[in-house]
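J.: Sending over a structure as structure tokens; questions will come in a sec.
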Amino acid sequence: KGRERSMSGKEPLLRSLRECIHRLQEGPSPCTDTSPHLQPFCETLEIILRKGIKQPVLGFKKRDYWHWIEKLPHQVTHHSMTLLSIMIEKTNSCEKVLTPHGRGRHFLRQALSGKLLAVAIQQLVRAPRLLEWYDPVISILGNEDLLEAFLSMMLVVTEINFSLDLQNSSFLDESWQLPVCLTYETVPCKELGMVLKYLDGRIFIVDRLPQSQAEVDEVVLVGDVIDEINGVSLRNAYNGQAGTVLQKLKGKPLSFHLIRWKWHDGGTYKPLLPYLQVLREKIPNFQLQHKHTRKEEIEGQCLLGGR
């Protein structure tokens with residue numbers, strides 16, 4: 001442990017990682033997505049995993065850490081290796097992440113929850129062909145001493161309990177910052193009354209019709225994103241896909257997985273800002289909805305009553 005501390009003290013990124021781990025240890029258990037210490041930890045971890053990856057001289061495919069993770073040896077010699085293979089397969093088949101960035105982040109979140117991050121690094125150490133991807137001079141994982149210190153920290157992380165919403169992955173391509181998600185369940189009806197706009201594979205609710213089911217239920221806000229309907233992912237949706245899915249579910253109860261435009265602090269969820277700017281340009285009267293109509297009316301009546 002003294003050696004690990006000495007090596008991490010020399011490398012600023014390892015020092016930062018150790019501080020992030022300490023904050024996670026000091027925080028409530030289990031660590032959830034709302035922990036203020038989770039995002040800085042994940043971002044620092046990712047910088048370390050990317051640092052010094054040698055890019056191929058020929059070819060257009062830029063290497064990222066996910067590319068060695070998916071190539072890890074799959075010999076099922078141990079229970080933890082079986083679980084690791086299942087996690088890699090789950091990430092590969094996840095419809096909500098489309099890029100190596102997103103897949104790497106999706107895998108890391110699974111590995112934190114399943115306590116398998118150290119196992120993945122141990123497998124890398126046993127695969128010299130993959131370890132050679134890291135430049136021994138500028139990387140952490142390609143330097144034997146620094147790698148040993150890093151692996152020690154990953155073993156410490158294994159002792160921390162994580163309880164993460166692994167379904168919340170539709171914005172991992174863009175950011176480690178996760179949106180607020182919620183489920184909207186509604187009864188079968190002729191018309192829901194949500195006006196939708198498709199933008200770069202995402203489905204935005206840009207209006208609600210007066211007296212419609214969506215307005216009466218008071219769950220959906222204008223500006224929210226439809227992420228799933230009855231378990232069908234709508235990430236990277238084609239134009240009209242939501243209508244096609246709803247047509248197949250006609251007469252059945254509906255369960256929508258929504259992404260709120262509003263973040264935990266009440267401000268706009270940052271990765272949505274570029275999308276919302278385009279929506280404002282395309283739809284002149286588009287306005288984000290902050291509250292539900294009925295709640296606004298009740299609050300208005302209370303104010304009047306107070307006067």
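The values are calculated or read from the model by the stated rules, or taken from the named source; none is laboratory data. The shown structure was predicted, so the numbers you read here are calculated from the model rather than taken from an experiment. Every residue, glycine among them, receives a Cβ derived from its backbone with ideal geometry; neighbour counts consider all protein chains shown. In case anyone asks, the SASA skips ligands and DNA or RNA and just uses the protein heavy atoms, side chains included. Shrake-Rupley method; radii C 1.70, N 1.55, O 1.52, S 1.80 Å.
J.: FRET efficiency for Gln247 and Lys10, Cβ-Cβ distance as r, R0 = 51 Å, nearest 0.05?
T.: 0.25
J.: Another question, then. Tell me, what is the percent relative contact order of segment 76-144, built from C-alpha pairs under 8 Å that lie six or more residues apart?
T.: Relative contact order comes out at 23 percent.
J.: So for the pair Asn230, Asp135, with labels modelled 7 Å out along Cα→Cβ, what separation do we get in nm?
T.: In this crude spin-label approximation the distance works out to 5.3 nm.
J.: Once you compute Rg and the Kirkwood Rh from C-alpha atoms, what is the Rg to Rh ratio for segment 168-218?
T.: Using Cα coordinates only, the ratio equals 1.05.
J.: Rg over Rh of segment 130-287, using C-alpha atoms and the Kirkwood radius, what does it come to?
T.: 1.13
J.: Additional query: Would you compute, from DSSP H runs of 4+ residues alone, the mean residue ellipticity of the chain at 222 nm, taking -39500 (n - 2.57) per run and dividing by the full residue count, rounded to the nearest 500?
T.: -13000 deg cm²/dmol
J.: Need the full-extension length gain, Gln25 to Ile86, defined as separation in residues times 0.36 nm minus the C-alpha distance. One decimal, nm.
T.: 19.2 nm
J.: If I stretch the segment between Gln211 and Ser93 completely, what's the gain in nm (0.36 nm per residue apart, minus their alpha carbon distance), one decimal?
T.: So the extension gain works out to 38.5 nm.
J.: Moving on. Based on DSSP H assignment, which helices of the chain show an axial Cα extent of at least 15 Å together with a mean Kyte-Doolittle hydropathy greater than or equal to 0.0?
T.: 38-50, 79-93, 144-158
J.: Can you give the FRET efficiency for Thr186 and Thr34, using 1/(1 + (r/R0)^6), R0 = 25 Å, r = Cβ-Cβ distance, to the nearest 0.05?
T.: Result of the calculation: an efficiency of 0.40.
J.: Let me ask something else about it. Which whole-Hz ³J(HN,Hα) couplings does segment 51-58 yield from phi under the Karplus relation 6.51 cos²θ - 1.76 cosθ + 1.60, θ = phi - 60°, glycine and proline marked x?
T.: Once rounded to whole Hz, the list reads 4, x, 5, 6, 8, x, 5, 9.
J.: Shifting gears a bit: Which of the listed residues, Leu45, Val57, Leu166, is farthest toward the dipole's positive end in the chain, when Lys, Arg count +1 and Asp, Glu count -1 at the beta-carbon?
T.: Value: Val57.
J.: Further, regarding this structure: I'd like the accessible area for Arg280, computed on protein heavy atoms only with a 1.4 Å probe and all protein chains in place. Round to 10 Å², please.
T.: Arg280 has an accessible surface of roughly 120 Å² with all protein chains in place.
J.: Roughly speaking, to the nearest percent, how much of the chain's 1.4 Å accessible area is carbon and sulfur?
T.: The C+S portion of the solvent-accessible surface of the chain is 53 percent.
J.: Between Glu148 and Glu43, take the C-beta separation as r, use R0 = 25 Å, and let me know the FRET efficiency to the nearest 0.05.
T.: Efficiency computed from Cβ-Cβ geometry: 0.65.
J.: Right, another one. Quick one: what does P(r) look like for the chain with 10 Å bins over all Cα pairs, in whole %?
T.: 5, 23, 28, 21, 14, 7, 2, 0
J.: Whose amide H sits under 5 Å from the amide H of Arg208, counting only residues 5 or more places off or on another chain, with H placed in the peptide plane?
T.: Amide H to amide H, under 5 Å and 5 or more residues apart or across chains, Arg208 pairs with Val195.
J.: Right, something else. Determine the distance separating the Cα centre of segment 179-194 from the Cα centre of segment 23-58; give it in Å without decimals.
T.: 34 Å
J.: Could I ask something else about it? Take Gln55 and His290, extend 7 Å from each Cα along the Cα→Cβ direction, and tell me the distance between the two endpoints in nm.
T.: Output for this residue pair reads 4.5 nm.
J.: Here's another thing I want to ask about it. What pairs in Lys90/Lys282; Lys62/Lys270; Lys197/Lys252; Lys61/Lys248 have C-alpha atoms more than 31 Å from each other?
T.: Lys90/Lys282; Lys61/Lys248
J.: Okay, next question. Report, by chain and number, residues whose modeled amide H sits under 5 Å from the one on Cys31, excluding near sequence neighbours (fewer than 5 apart, same chain).
T.: Asn161, Phe162, Ser163
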